[in-house]
Amino acid sequence: MTGFDQDIELNAYSHSHGLGISGNGGGGRQHSIAEGSSFTVGGISPSSRAKSFADASPGGSHARSKSMSGGGGGGGFQGRMSRFVDSFRRGDGTINDNADLDDDNNTSSHGYSSHSVSRDHGGTRYYDLRQGNSKVNTPSSLLARELKGRHLQMIAIGGSIGTGLFVASGKALSEGGPASVLIAYLVIGVMLFCTIQALGELAVIFPVAGSFSAFSTRFLDPSWGFAMGWNYALQWIVVLPLEVLAGAMTIGYWNKELNKAIFVTMFLVVIFIINLFGAKGYGEAEFIFAIVKVTAVVGFILLGIVINIGGTPTEGYIGGKYWTDPGAFHNGFKGLCSVFVTAAFAFAGTELVGLAAAETANPRKSLPTAIKQVFWRISLFYIVSMTLVGLLVPYNEPRLLSAQNVADASASPFVIAIEAAGATVLPSIMNGVILISVISVGNSAVYGSSRTLAALAELGQAPSILGYVDRRGRPVVAIIVTMAVGLLAYLADVPSQSNIFDWLLAISGLSSIFTWASTCLAHIRLRKAWAYNHRSVQDIAFRAQGGVIGSWIGFLLNVLVLVLQVWVAIDPIDEGETKMTVKERVSSFFLSCLAIPVVLTFTIGHKLYYKTRMVRLEDMDVDTGRRDFGRLGIIKAQEKEERMGWPRWKRVYRFMC
């Protein structure tokens, strides 16, 4: 049965049984039963519904009529240019044709509420939490809901595989040894599995723009939510020039004489053009990039097994000899602790699948499937590949230590392992994959930062101009601001570029840890608020497989990683016989932990200005912004009936995937 047929059947069921479901306590607003249904909305007939779809296109009815009039220039070049320019006008609040027109809030259907969340009472400023929730959690957001299930799945599986895995893993191997790398990646993998499950539950219930800021604001503290929003935006803003630089340096593998500025320009233009196509452009690009990266990692795993068993041209069977000579660990326990933050950097971006929920046509159906893919990504692409890297490359390999910075692909242990096998063409292919990966992560950086900045602007937590969303659902000003920061990649040919990019990396180094820990804690608080409002967990569309216990495990592991990183930053590993000076130790500390003072500054500054406090249990809003309001029982009953006809193998597969 097709999705459209299911919608018709459910609507027929609702009419025959008198189920005129209302969004606001039976206030007369009727909704279609099936998520994403296009059969009836608000009692509109199919013919008038078709008309509303035409009017709700990215250009809106105004843009459509204008482009077809004399001012639009018809169908020629002038007409196309007119429509292109017109698409950058401010969105009029209509929802595109992929959106669920089933918002259940008291806010207007024309985008976000216009009321400010900053209030003044007797000369004292305060943060209006209720108004803030209604603004950021409006499902009729101007952002276009064009992402499909296949986009989310590939974003979850391979969307953020880039320099963190392919290049920075070499630094982790040289500092901690193969056993430390394996342990660290396993711990971070368990932590992230629990975190993404918690994020999935939150994002399915509240598929909102700027989700990490919104969840912390709603369930923890508005000031902490403000800090998490800016923390996440800055994390991706500084990653963009780093990834573009990595791409330019990767070109040097083939010809070191070429000017890096040429390729910096090329990569920035490509990333900008992709983001001009909006959410759909981002989704399609990531779908293709992820296929390439996943294929490359699987190919490396197969090749790595062959190399390990068959040996290299100069040596025979390798096996686990590098675990005994030079050894499994390097720099002892401190070496193990130093690997954690590098492993976290490699996993960063996995949470983008939650951010993309706000621009997904049917998050209740698409997001759970994508969330389950994370398990396979962690198991296959990180744990297995890093195990093979540790078997094929000794931690004292000179090329691991020769990297100019974290973006230097010449120090990639993946490339080193293939070169050691005597292959001639494969190292170039692997560098080509790294090149695609850095463009992919740069693309994700623009997407993640621009959406977060736009959401912060709508909350009044960033300059309002950043909240400008055009008729195609693109936050164009936020995209331009992010791309402007990407121009820092032109410093690639400056002699001191290594120090500059080390400080940029310092901003994003621990940012993910704060984001993930806050997500786990927000999920724990959501469950408490859910129970306080006498709701059953059966009413939750997607439940985290680890439940509250899993979120506690994820939260505590995040805190543990943060504490260990601070310890290593205070007492870093000395290189060689030379002891670090006090100045060098201070510099090393802030290079490792710069995200901590950044987050604290944002939090304390906002709290002093607005006098906020931790959100009390009775003040938590578990209704505003929910996409499943009033319909979940019927939808789940239909899905249960469908599952009854599945064979056992399909039930197991769908549980895992």
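Key figures for this structure:
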quantity	calculated
Residue check, I573 at pLDDT below 80 and either crowded, with 16+ Cβ neighbours inside 10 Å or touching a His at 6+ places or on another chain (Cβ under 9 Å) (or both)	yes
Residue pairs meeting the criteria (Cβ under 9 Å; at least 6 apart or on separate chains; first under 25 Å from D539 (Cβ atoms) and of a type in the set (V, I, T), in the range 633-657; second modelled with pLDDT under 70 and loosely packed, with under 12 Cβ neighbours inside 10 Å)	none
Of residues in the range 343-364 being at pLDDT below 75 and surrounded by fewer than 24 Cβ atoms within 10 Å (Cβ to Cβ), the one nearest to A445 (Cα to Cα)	A361
Among (1) in a helix (DSSP H, G or I); (2) buried (at least 24 other Cβ atoms within 10 Å of the Cβ); (3) under 16 Å from the mean Cα position of the chain (by Cα); (4) not acidic (D, E), the one test that P207 misses	(1)
From the options E286, E201, E257, residue that is part of a helix (DSSP H, G or I), among the charged types (D, E, K, R) and closer than 27 Å to V415 by Cα	E286
Any chance Y253 is in contact with a Pro (Cβ under 9 Å, 6 or more places away or on another chain) and hydroxyl-bearing (S, T, Y)	yes
F272 surrounded by fewer than 19 Cβ atoms within 10 Å (Cβ to Cβ), touching a residue at least 60 places away in the same chain (Cβ under 8 Å) and either under 23 Å from the mean Cα position of the chain (by Cα) or on the phi > 0 side of the Ramachandran plot (or both)	yes
Matching helices (runs of 4 or more DSSP H) fully within the range 505-620 where at least 2 residues are charged (D, E, K, R)	511-532, 582-593
Any hit, the range 213-222, residues being assigned to a helix (DSSP H, G or I), in contact with a strand residue (DSSP E or B) (Cβ under 6 Å, 6 or more places away or on another chain) and buried (at least 24 other Cβ atoms within 10 Å of the Cβ)	yes
Output for the range 355-371, where each listed residue is polar (S, T, N, Q), under 22 Å from A454 (Cα atoms) and assigned to a helix (DSSP H, G or I)	none
Criterion violated by F501 - all others in (1) touching an Asp or Glu at 6+ places or on another chain (Cβ under 9 Å); (2) closer than 30 Å to E257 by Cα satisfied	(1)
Members of the range 317-354 that are of a type in the set (A, V, I, L, M) and part of a helix (DSSP H, G or I)	L336, V339, V341, A343, A344, A346, L352, V353
Check on G473, within 24 Å of M154 (Cβ to Cβ) and free of Cβ contacts under 8 Å to residues at least 40 places away in the same chain	no
Residue that is surrounded by 22 or more Cβ atoms within 10 Å (Cβ to Cβ), at pLDDT below 80, in a helix (DSSP H, G or I) and not aromatic (F, W, Y), where the choices are V406, V389, V415, V374	V374
Breaking point among (1) under 16 Å from the mean Cα position of the chain (by Cα); (2) at pLDDT 85 or above; (3) within 30 Å of V548 (Cα to Cα), for W224	(1)
Residue among V339, V306 that is more than 32 Å from the chain's Cα centre (by Cα) and either basic (K, R) or at pLDDT 85 or above (or both)	V306
Residue that is surrounded by 24 or more Cβ atoms within 10 Å (Cβ to Cβ) and closer than 27 Å to F589 by Cβ, where the choices are A455, A517, A489	A489
Yes/no for V481 being modelled with pLDDT of 90 or more and in contact with a helix residue (DSSP H, G or I) (Cβ under 6 Å, 6 or more places away or on another chain)	no
Criterion: touching a residue at least 24 places away in the same chain (Cβ under 8 Å), within 22 Å of the chain's Cα centre (by Cα) and surrounded by fewer than 23 Cβ atoms within 10 Å (Cβ to Cβ) - qualifying residue of W567, W503, W552, W530	W552
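The values are calculated or read from the model by the stated rules, or taken from the named source; none is laboratory data. The structure displayed is predicted, hence computed values, not measured ones. Here the Cβ is made from the backbone with ideal geometry for all residues, glycine too, and neighbour counts use every protein chain on show.
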